[in-house]
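The values are calculated or read from the model by the stated rules, or taken from the named source; none is laboratory data. Source: prediction; values computed, not measured. When we count neighbours, we look across all protein chains shown, and the Cβ atoms used for this are built from the backbone with ideal geometry, even at glycine. Note: areas computed on protein heavy atoms with side chains; ligands, DNA, RNA excluded. Shrake-Rupley method; radii C 1.70, N 1.55, O 1.52, S 1.80 Å.
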Amino acid sequence: MASAITIPYPVNDRQDRPRFLVSDLCIFLESYLSAEQIREVYRAYLFSAEAHEGQRRKSGEPYIFHPVAVARILGEMRMDYKCLMAAVLHDVIEDTGVAKEALAREFDEEIAELVDGVSKLTQMGVKNHAEAQAANMRKMLLAMTKDIRVILIKLADRLHNMRTLGALDPAKTRRIAKETLEIYAPIANRLGINNICLELEELSFSHYWPWRYRCLKNAVGRVRGARKELVSNVEGAIQGRMRQEGLEGRVIGRQKHLYGIYRKMVQKKRSFSEVVDVYAFRIIVDRLDTCYRVLGTIHNLFKPLPGRFKDYIAIPKVNGYQSLHTLLVGPNGVRIEIQIRTGDMHRMAEAGIAAHWIYKSAVGQVGGTHTRATGWLQNLLEMQKGSGDSIEFLENVKIDLFPDEVYVFTPKGHILVLPQGASVVDFAYAIHSGVGNACVAARVDRRLTPLRTRLHSGQTVEIITASGARPKPSWLNFVVTGKARANVRSYLKQLQAQEAEDLGRRMLDQELLAAGRAWEQVGPERLRGFLAEVGVATVEDLWRQIGFGNRLPRLVARRLVASDPRELRETAVGGRPVGPLAIKGSEGMVVGFGKCCRPIPGDAIVGIFSPGRGIVVHRQGCRNLGDFQRLGQNWLEVEWDPDAQVDLPTEIRVDVGNRRGVLATVAATIAETGSNIENVRSHERDDLSSTINFLVIVHGRRHLAEIMRRLRAVPAVMRIVRASR
Ligand code: MN
């Protein structure tokens, strides 16, 4: 049975200022890596040392000391050798301009990815962030990380920087300390890496509030000195009783870290003596059931305080922490805090996700994207199952590690949280619906980007708006947020209403003419009477209803005219036939074009008029028309307006001989005529030839004829037809 008083979190007074040489690192690594793996780490060191040649840290020492020290920290966590190589190289992209590709060539893709990941996090850290955004910032860092080792390297990097922070100016020091306290220590805590979390907190505290830190340290020192004897008596008593009962275990006196004391005083509003006059011991035993037996023994020795016992073995903390906690009343009424746990639980409590690494890499598994994190979570999950308690304690960790959200910056450095798959348009609407309605493009990480682009965590997004820009129906295909969807929909509805009104008006005019009357000839009284009769408030509403296809223009026209029986008779007998409705192509959403036959200006066309959808234009002879007839849809005579200026897609089928580059030749020929190719489908017919279907955008039949004429001149083209169903 061993006993030791340890001071686990030395700060500032550390005499053996870590000047790890690579030889020290290699010797240390012999404790768990093979000679070959250590050689690889050394090779990474040589590369890094050369890249950092001539660079010095603020303290004056050669820069390479820092990455070697970072690797040492990860070595103490027993990380795999690739992780150590990446640690040694972690600043070369950021600080020496070595390209990621160069790392991939020199080492491998895995190392390059790791170093690149760390560099991205480093660039993130430069950004200013509001305090309230710290939680989002933490999530963003985790969300950006495909390999959890990137986070571990970053934590080790930050730890070493914090240990050697003294060399910087006070303002910068404070900023870094604050960032560490708000971002990095909580991440370490979330991942269960307790020892790094505590050291980061302690170091940050000492730099952010140096005076409070010193006062607290002195006060704690005084109290501890005065109670030295009492502590060793309690320790002796516990050890003696355990021995009597035949229980194996180590009793360790435990000093609370100063930041923990400080936080308790501030958050729980406790006085210094309330917080400090508590003596803490940790008992580490071999087996789980021993924990409970030790607990019973100790409750026999000192009186437990009611309501202060916590069983984190049965119900682990969110990050997987397991222990029994109890609070006892010792000699002279002092409070004694006891933690009881097994060696395994202790390792887990100290190293968290990294502890899981050790077990896994012992089996020789290679870590890929998040597999480690998954394994760790799995571990936690099983622990949870074993405890027979099904509270959803893992949810938070899981959400942090595998978020279904993306975190992106506004140009001013605020973080916006959007659902996974969110596009630039979603971002624009998240800022303001006015911005969303007027957006035309965006700069993502300063690069010009189309609106449908999906965003990734860590990107900075700047929206470009234009006055007069309007939402497009196609946005509905890619927006994911409710806000964007609702805004686009309501805008389109409004727009559609206007278009329907215009169309309805034209259709009614047309029918009135067919009945031998101009609109002006319908008396206002007759119109009012009709509106009242059918229960429509205004004539605009009537036009809209016609435009949307909810009311037949012919019937409306008849009844407007029918007020005068003479007129009706005249219409019935001698109403002159009126020309078909002219289609301009610019009617908007109330006039659509059949995807079956793809009509273009110049084609002979018919309109199918259906309630709520307006007119859909088809080519005469389109095979679908038969179906519409059976369904009793309303046919409408339509023709192209001679001035129709609209670009529409239509499909051509080209049979080509299988030669290299034939698709490119055909596509280039089409492009030469000023047409865009919207879609290409091709399938091989036999060994010698293929059929390619092009969806080309044309102004009309003449344009299409030009395309086909030019294609016939291409030697590889064997046959070309306009496709139709
Ligand atoms: Mn660094």
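Residues that are assigned to a helix (DSSP H, G or I), touching a Lys or Arg at 6+ places or on another chain (Cβ under 9 Å), within 16 Å of the ligand (Cβ to nearest atom) and of a type in the set (A, V, I, L, M, F, W, C): does the range 124-142 have at least one?
Let us first name the residues in the range 124-142 that are assigned to a helix (DSSP H, G or I), namely 124-126, 131-142.
Remaining after also requiring touching a Lys or Arg at 6+ places or on another chain (Cβ under 9 Å): 125, 131, 137-138, 141-142.
Filter once more, so that each one left must be within 16 Å of the ligand (Cβ to nearest atom): 125, 141.
From what's left, of a type in the set (A, V, I, L, M, F, W, C): 141.
Yes; the residues of the range 124-142 include at least one that is assigned to a helix (DSSP H, G or I), touching a Lys or Arg at 6+ places or on another chain (Cβ under 9 Å), within 16 Å of the ligand (Cβ to nearest atom) and of a type in the set (A, V, I, L, M, F, W, C).
Can you tell me how many residues in the range 623-672 are closer than 26 Å to R551 by Cβ and open to solvent by 50 Å² or more (accessible area, probe 1.4 Å)?
10
Consider L155 carefully, then state whether it is at pLDDT 85 or above, more than 30 Å from the chain's Cα centre (by Cα), within 16 Å of the ligand (Cβ to nearest atom) and closer than 26 Å to Q255 by Cα. So that I can check it myself, show each step before the final result.
Working: at pLDDT 85 or above: yes; more than 30 Å from the chain's Cα centre (by Cα): no; within 16 Å of the ligand (Cβ to nearest atom): yes; closer than 26 Å to Q255 by Cα: yes.
So L155 fails the test.
Give me a count of the residues in the range 73-101 that are part of a helix (DSSP H, G or I) and within 13 Å of the ligand (Cβ to nearest atom).
Looking only at the range 73-101, we keep the residues that are part of a helix (DSSP H, G or I), and these are 73-76, 81-88, 92-96, 100-101.
Next, from what is left, pick out any that are within 13 Å of the ligand (Cβ to nearest atom): 73-74, 86-88, 92-96.
Qualifying residue count for the region: 10.
Against the condition modelled with pLDDT under 90 and under 24 Å from D603 (Cβ atoms), how does S724 come out, does it pass? Before the answer, list the steps.
Details: modelled with pLDDT under 90: yes; under 24 Å from D603 (Cβ atoms): yes.
Answer is yes for this residue.
Could you tell me which numbered condition G549 fails, if it satisfies all but one of (1) assigned to a loop (DSSP other than H, G, I, E, B); (2) modelled with pLDDT of 85 or more; (3) open to solvent by less than 40 Å² (accessible area, probe 1.4 Å)?
So G549 meets the others, but not (2).
Being within 13 Å of the ligand (Cβ to nearest atom), modelled with pLDDT of 90 or more, in a helix (DSSP H, G or I) and not charged (D, E, K, R) is the requirement here; does A104 meet it?
Values: within 13 Å of the ligand (Cβ to nearest atom): no; modelled with pLDDT of 90 or more: yes; in a helix (DSSP H, G or I): yes; not charged (D, E, K, R): yes.
Criteria not met by A104.
Select, from E533, E570, E511, the only residue that is at pLDDT below 85 and either in contact with a Lys or Arg (Cβ under 6 Å, 6 or more places away or on another chain) or in a strand (DSSP E or B) (or both).
Working: E533 fails: either in contact with a Lys or Arg (Cβ under 6 Å, 6 or more places away or on another chain) or in a strand (DSSP E or B) (or both); E570 fails: either in contact with a Lys or Arg (Cβ under 6 Å, 6 or more places away or on another chain) or in a strand (DSSP E or B) (or both).
The conditions single out E511.
I'd like the full set of residues that are part of a strand (DSSP E or B) and either within 23 Å of I261 (Cβ to Cβ) or in contact with a Pro (Cβ under 8 Å, 6 or more places away or on another chain) (or both), limited to the range 285-333. Show your work before the answer.
The first filter runs over the range 285-333 and keeps only residues part of a strand (DSSP E or B), leaving 285, 303-304, 310-311, 324-329.
Across the range 285-333, the qualifying residues are P304, K310, L324, H325, T326, L327, L328, V329.
Considering (1) at pLDDT below 90; (2) open to solvent by less than 40 Å² (accessible area, probe 1.4 Å); (3) touching an Asp or Glu at 6+ places or on another chain (Cβ under 9 Å), say which one V522 fails and leave the rest.
Among (1) at pLDDT below 90; (2) open to solvent by less than 40 Å² (accessible area, probe 1.4 Å); (3) touching an Asp or Glu at 6+ places or on another chain (Cβ under 9 Å), V522 violates only (3).
Name, by its number, the condition in (1) within 11 Å of the ligand (Cβ to nearest atom); (2) closer than 15 Å to R149 by Cα; (3) open to solvent by 50 Å² or more (accessible area, probe 1.4 Å) that does not hold for V70.
Against the list (1) within 11 Å of the ligand (Cβ to nearest atom); (2) closer than 15 Å to R149 by Cα; (3) open to solvent by 50 Å² or more (accessible area, probe 1.4 Å), V70 comes up short only on (3).
If I go through the range 673-713 residue by residue, how many of them are assigned to a loop (DSSP other than H, G, I, E, B) and surrounded by fewer than 16 Cβ atoms within 10 Å (Cβ to Cβ)?
Step one: filter the range 673-713 for residues assigned to a loop (DSSP other than H, G, I, E, B), giving 673-675, 685-688, 699-700, 713.
From the residues that got through so far, the ones that are surrounded by fewer than 16 Cβ atoms within 10 Å (Cβ to Cβ) too are 674, 685-688, 713.
The number of residues fulfilling the criteria is 6.
Residues being within 11 Å of the ligand (Cβ to nearest atom) and of a type outside the set (A, V, I, L, M): count how many of those fall in the range 107-123.
Within the range 107-123, residues that are within 11 Å of the ligand (Cβ to nearest atom) and of a type outside the set (A, V, I, L, M) number 2.
Results for (1) without any contact (Cβ under 8 Å) to a residue 60 or more places away in the chain; (2) surrounded by 14 or more Cβ atoms within 10 Å (Cβ to Cβ); (3) not in a helix (DSSP H, G or I), shown as yes or no for each residue.
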position	(1), (2), (3)
P186	yes, yes, no
S204	yes, yes, no
L216	yes, yes, no
E229	yes, no, no
V234	no, yes, no
G240	yes, no, no
G246	yes, no, yes
K256	yes, yes, yes
K264	yes, yes, no
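Which residues, taken from the range 451-473, are open to solvent by 70 Å² or more (accessible area, probe 1.4 Å) and in a loop (DSSP other than H, G, I, E, B)?
Of the residues in the range 451-473, the ones open to solvent by 70 Å² or more (accessible area, probe 1.4 Å) are 452, 454, 456, 462, 465, 467, 470, 472.
Hits for the range 451-473 are R452, H456, S467, R470, K472.
Looking for something surrounded by 20 or more Cβ atoms within 10 Å (Cβ to Cβ), modelled with pLDDT of 90 or more, more than 13 Å from the ligand (Cβ to nearest atom) and hydrophobic (A, V, I, L, M, F, W, C) - is there at least one such residue anywhere in the range 54-65?
Looking through the range 54-65, none of the residues is surrounded by 20 or more Cβ atoms within 10 Å (Cβ to Cβ), modelled with pLDDT of 90 or more, more than 13 Å from the ligand (Cβ to nearest atom) and hydrophobic (A, V, I, L, M, F, W, C).
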